[in-house]
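Below: the structure, in structure tokens.
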Amino acid sequence: TAKGSNGVQQRPVNIIVEPEGKLKQMINRGEQAIGDKEERRSLEQVLNNFKAAYNAHDLARMRTVWTGMSSSQARGLEHFFKGNPGAKVQDACPESFLSITGDSAQWTCKETTTLIISGRPLASSHDIRFSFVKKNGEWSISERN
């Protein structure tokens with residue numbers, strides 16, 4: 001019902017309610033369409049550098065791209081790498097799951113970790129959210145969970 005200069009008007013209206021996840025994806029796609037493609041490429045490079053450092057089990061290199069890594073996270077990774085010398089990681093990060101807002105960004109990815117168990121590869125996948133921060137024109141990972 002609407003009231004206006006011509007009196008009261010009544011018309012049926014269809015309202016479509018989208019599930020929260022789908023709505024978030026739609027919003028993220030809109031933000032990415034507006035966002036700078038160069039920023040996306042820079043974030044992809046940060047993730048590629050992270051993956052390369054992880055797969056090399058190089059904590060020092062990991063810390064250069066994951067500046068928010070805590071000491072306890074570093075110790076946990078060091079312990080994990082010692083117990084799993086063949087561990088590798090692969091991230092699949094759909095562009096539609098990237099959200100850039102000013103000097104911060106979030107990207108939800110499907111991460112697959114492969115371990116060598118009894119001489120055979122065993123892979124497991126899970127969703128992981130990378131949070132990024134831009135300082136002095138450079139992106140880095142602030143959180144990974």
Pick out the one residue from 42, 96 that is more than 18 Å from residue 144 (Cα to Cα), open to solvent by less than 70 Å² (accessible area, probe 1.4 Å), part of a helix (DSSP H, G or I) and touching a residue at least 12 places away in the same chain (Cβ under 8 Å). 96
Taking residue 63 as the residue in question, decide whether it is modelled with pLDDT of 95 or more, closer than 19 Å to residue 42 by Cβ and either open to solvent by 40 Å² or more (accessible area, probe 1.4 Å) or part of a loop (DSSP other than H, G, I, E, B) (or both). yes
Which residues, taken from segment 104-117, are within 15 Å of residue 46 (Cα to Cα) and either modelled with pLDDT under 95 or of a type in the set (Val, Ile, Thr) (or both)? 108
Can you say whether residue 129 is closer than 16 Å to residue 62 by Cα, in contact with a strand residue (DSSP E or B) (Cβ under 9 Å, 6 or more places away or on another chain), among the basic types (Lys, Arg) and in contact (Cβ under 8 Å) with a residue 12 or more places away in the chain, as far as the supplied structure shows? no
Over segment 28-39, the set of residues modelled with pLDDT of 70 or more and either within 30 Å of residue 79 (Cα to Cα) or exposed (fewer than 13 other Cβ atoms within 10 Å of the Cβ) (or both) is 36, 37, 38
Every residue in segment 115-145 that is more than 14 Å from the chain's Cα centre (by Cα) and surrounded by 17 or more Cβ atoms within 10 Å (Cβ to Cβ), please. 134
Select, from 105, 56, the only residue that is out of contact with any Gly (no Cβ under 7 Å at 6 or more places or on another chain), open to solvent by 40 Å² or more (accessible area, probe 1.4 Å) and hydrophobic (A, V, I, L, M, F, W, C). 56
Could you please find all residues in segment 66-93 being assigned to a strand (DSSP E or B) and open to solvent by less than 60 Å² (accessible area, probe 1.4 Å)? 89, 91, 92
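The values are calculated or read from the model by the stated rules, or taken from the named source; none is laboratory data. It should be emphasised that the depicted structure is a prediction, and the values quoted were computed from it without experimental measurement. So basically every Cβ, Gly included, is an ideal-geometry build from the backbone, and we count neighbours across all protein chains shown. When the accessible area is computed, the model is the full protein with side chains, heavy atoms only, and any ligands, DNA or RNA have been set aside. Shrake-Rupley method; radii C 1.70, N 1.55, O 1.52, S 1.80 Å.
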